[in-house]
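Below you'll find the structure, written out as structure tokens, and then a few comments.
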Amino acid sequence: MSKLAIVGLLLLSSAAFAHHAYTAEFDTTKPIKLTGVLRRLEWTNPHIWLYLDVKDENGKITSWGFSASPPGMLTRRGITKTSLKLGEVLTISGHRAKDGSNNASGNIVTFADGRDALIGQDQALRPAELASPPQK
Amino acid sequence: MRTRLAMLVALSSLSLPAAAQSNAKAVPRMPDGKPNFNGVWAGPAFAHNVGPNDTDTPVVTNFDPRRMAPLLAGAEKMFRQAPTGDVRHDDPTELCLPDGHPREALAPYAQQIVQTPDTIVWLYEYMHFFRVIPMNKPHPADVDSTFMGDAVAKWDGDTLVIDTIGLREWTLAASNQWHSDALHTVERLRYIDATTVSYEILIDDSKLFTKPWSQEFQMKLHPTWKLLEQVCEENNRCESGKCTPSDVQK
């Protein structure tokens, strides 16, 4: 499969998984990966929102919002509200909002101990999950 | 019309050999002997890889273009409607408008079936939609066009057959594919094993396709699941990609 085809598949997957068109809201040409402290969690529909306080090299803290999957989809996969703890250091990767604001999609979260989990809408990022049961 | 009816009969009969292969002893049954579909199900949009604590994996699921019949001449414009700039048309679910049938069946959320001898009630977690489907009744003579349509059901041996008409022109699937108000669907449910059901849906849209076509999916029973609340309007933000700081960074 060509790289172009893979990218196309990723975009199609993203568009199909959300309750809205992913590419209408997020710029898939602008991947982002930020580490910060989880300050706030909105466990709400149609998408959960996580807010990280991200410190830059000058010590300035900026708040970033990440939109991820809805509570129901996460719950079915074994991720619950208590899986994401306020005050915890998290690294979240996704794509920036198209309007350039400090908002992004949240696709994969990495915890301080190195565990990671798919919390976003892009299943193609974790193809192994489609073939085998999630591990405890 | 006669040709289209013949195709419908032929497509429906394709399911019979498979139905005959189902393990009759494994099929949960109602007191009247009919297969018992009561329960909460992971629909077609799950991987059905049941993990610890009865988990399952939501997965992108759409109708396979390779399964679709050829479009009628000139139907491409209706099937793939070009964006207009109006989100109400271009991406209506972003405004929390319904998926409608049959797209609702492919949403990666749980579904519950409540079955009595006279009625099938199909509850969809996504946007709290439902279908109340009488058994062995004809469609009303004058059916309004709605998002979920008018559905009636009957038994074909151990296969539950649901016939739906009265669907308004709406999105057939994500990725901006549409169906017309002539859409007629036939869903066929039959047990494969004690917790797995074949869900086959026939798409018959005489304004779009040269002939009916069908696709088979699977549903998995999850004994510990309950339907969850899913209020789309609860925290719907960034409509049309306008995701401003004041909108989000509250």
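Hey, how many Å between the Cα centroid of the stretch B:130-164 and the Cα centroid of the stretch B:181-213?
Using only Cα atoms, the two centres lie 13 Å from each other.
Hey, if you put +1 on the Cβ of every Lys and Arg and -1 on every Asp and Glu Cβ in the stretch B:2-226, which of B:Y191, B:Y109, B:G157 ends up farthest toward the positive end of that dipole?
B:G157
Which whole number gives the average count of other chain Cβ atoms within 10 Å of the Cβ atoms across peptide B:59-68? Let's see the in-between values first.
Values: counts 7, 12, 3, 4, 0, 0, 0, 0, 0, 0.
Per residue, the average neighbour count from other chains is 3.
Run lengths n ≥ 4 of DSSP H only: what is the helix-derived mean residue ellipticity at 222 nm for chain B, with -39500 (n - 2.57) per run over all residues, to the nearest 500? The partial results should precede the final answer.
Details: 5 runs with 31 residues, N = 250.
Helix-only estimate at 222 nm: -3000 deg cm²/dmol.
Label the stretch B:52-111 by shape, choosing from rounded, prolate and oblate, from the square roots a ≥ b ≥ c of the eigenvalues of the Cα gyration tensor; if a/c is under 1.5 it is rounded, and otherwise prolate applies when a/b is larger than b/c, oblate when it is not. Before the final figure, lay out the partial values.
Details: a/c = 3.10, a/b = 1.49, b/c = 2.08.
Judged from the Cα gyration tensor, the stretch B:52-111 comes out oblate (a/c at least 1.5, b/c at or above a/b).
Need one word for chain B: rounded, prolate or oblate. Basis is the Cα gyration tensor (sqrt eigenvalues a ≥ b ≥ c); a/c below 1.5 gives rounded, then a/b vs b/c decides.
Oblate is the answer for chain B, as a/c is 1.5 or above yet b/c matches or exceeds a/b.
Going by how many other Cβ atoms sit within 10 Å of their own, how do A:Y51, B:Y199 line up, fewest first? Walk me through the numbers on the way to the answer.
Working: A:Y51 22, B:Y199 18.
Placing the least packed residue first, the sequence is B:Y199, A:Y51.
Check cross-link reach from A:K33 to the aspartates and glutamates: straight Cα distance under 19 Å, and skip same-chain residues fewer than eight apart.
A:E25, A:D53, A:D56, A:E57, A:E88, A:D99, A:D113, A:D116, A:D122
Hey, can you grab everything whose amide H is under 5 Å from the amide H of A:N103? Only 5+ residues off in sequence or another chain; H modelled, so Pro and N-termini drop out.
The list, which skips near neighbours in sequence, is A:G65, A:A97.
Under 13 Å Cα to Cα from B:K211, which aspartates and glutamates show up? Leave out anything in the same chain fewer than 8 places away.
Correct list for B:K211: empty, as no aspartates and glutamates qualify.
Only the coordinates and a few stated rules stand behind these numbers; no lab work does. Being a predicted model, the structure only gives us computed values, none of them experimental. Ideal geometry is used to build each Cβ from the backbone, glycine not excepted, and the neighbour counts take in all protein chains shown.
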